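The values are calculated or read from the model by the stated rules, or taken from the named source; none is laboratory data. Computed from a predicted structure; not experimentally measured. Please note: Cβ atoms are built from the backbone with ideal geometry, for glycine as well, and neighbour counts cover all protein chains shown.
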Amino acid sequence: MRAAIHTELGQVPAVGEFNAPIAGPGQVVVRVALAGLNPVDRLRAEGYDYLGVRTPFVSGREGVGSINGARVYFHEAVEPYGSFAEQALVDAAELLNVPDGLSDAQAIPLGIAGLTAWTSLTHEAKLAEGERVLVMGATGMVGQIAVQAAKLLGASYVVAAGRHEETLSSLLDRGADAIARLDGDPSEAILAVAGEGFDVVIDCVFGEPFAAALAATRPGARAVVVGLTAGDSVELQFFSLYRRHISGLQLAGVPVEVRQQAFNAMAAHMLAGRLHVETELFDLDEIADAWAILCAGAHRKVLIVP
């Protein structure tokens, strides 16, 4: 089958032929209709240990496709397979149903990006109505959806923090009450809009900006870390942890029934026009162009047609 393949770690995937998957116990072969490109695909290409990859392997984690006529979504394929191919091998228990009326192009943004944003707020942070939310890295796909989701879930005050000016400003029309530009001192930018402090932080960047975000929280705050674009380590003051709860989120650790509920809720909001995500479509043969956009920092969802 045709697929975008990594033959060496650290390299851009190239289109070639890869053996078609054969399902084992508890597995299914999904005929992929559309796939999404995400930062985790870059981490996978770089060989991060926790992802457990060995070359050669097919690029891509998430996709929408069909099994016996039923439309399904999956957020990761069984190694060494991936979603940038005609077929993907998936654990049957991990599949989500795609709600009626939702197109493939609408479904993909609600996957890794949407589920991470929504379940970080609900399943992990347990956002309560009326609480105050700060989204760090709000101009990325997880961040954009997190800003909108926080407002849809009843947050009273939502701040979007990021660097990409155009996208950041657009979030004022999609749920953000205020924005913080992180092109200078992050502490100064965040404290300027923190007011009485934040109850929940969804952090897509980590590094120095995370320390600044934590300093702007109030007692009882929950911070959920979901990304590391600003660095994979940070120095924190001991007392900044008092009466704060810090955690990370991995979709595989969220029960599949919770993911399905979140997917359905976001789909309803999207179909009603309350949740908006911009997308950009690439054919499989254009994978190098799509990869370049990912590496430069994508501000719209990049979709791949296998």
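Counting just the residues of segment 198-214 that are modelled with pLDDT of 95 or more and β-branched (Val, Ile, Thr), which one comes out surrounded by the fewest Cβ atoms within 10 Å (Cβ to Cβ)? Checking each candidate, the answer is VAL200. Summed over segment 217-270, residues that are buried (at least 19 other Cβ atoms within 10 Å of the Cβ) and without any contact (Cβ under 8 Å) to a residue 12 or more places away in the chain total 0.
Checking each residue in segment 24-66 for being of a type in the set (Gly, Ala, Ser), part of a loop (DSSP other than H, G, I, E, B) and surrounded by fewer than 15 Cβ atoms within 10 Å (Cβ to Cβ) picks out GLY24, GLY26, GLY52.
Please verify whether segment 175-197 includes one or more residues that are surrounded by 18 or more Cβ atoms within 10 Å (Cβ to Cβ), under 20 Å from the mean Cα position of the chain (by Cα), in contact (Cβ under 8 Å) with a residue 60 or more places away in the chain and in a loop (DSSP other than H, G, I, E, B). No; the residues of segment 175-197 include none that is surrounded by 18 or more Cβ atoms within 10 Å (Cβ to Cβ), under 20 Å from the mean Cα position of the chain (by Cα), in contact (Cβ under 8 Å) with a residue 60 or more places away in the chain and in a loop (DSSP other than H, G, I, E, B). Within segment 1-21, restricting attention to residues that are in contact (Cβ under 8 Å) with a residue 24 or more places away in the chain and either among the acidic types (Asp, Glu) or within 14 Å of ASP91 (Cα to Cα) (or both), the residue that is surrounded by the most Cβ atoms within 10 Å (Cβ to Cβ) is PRO21.
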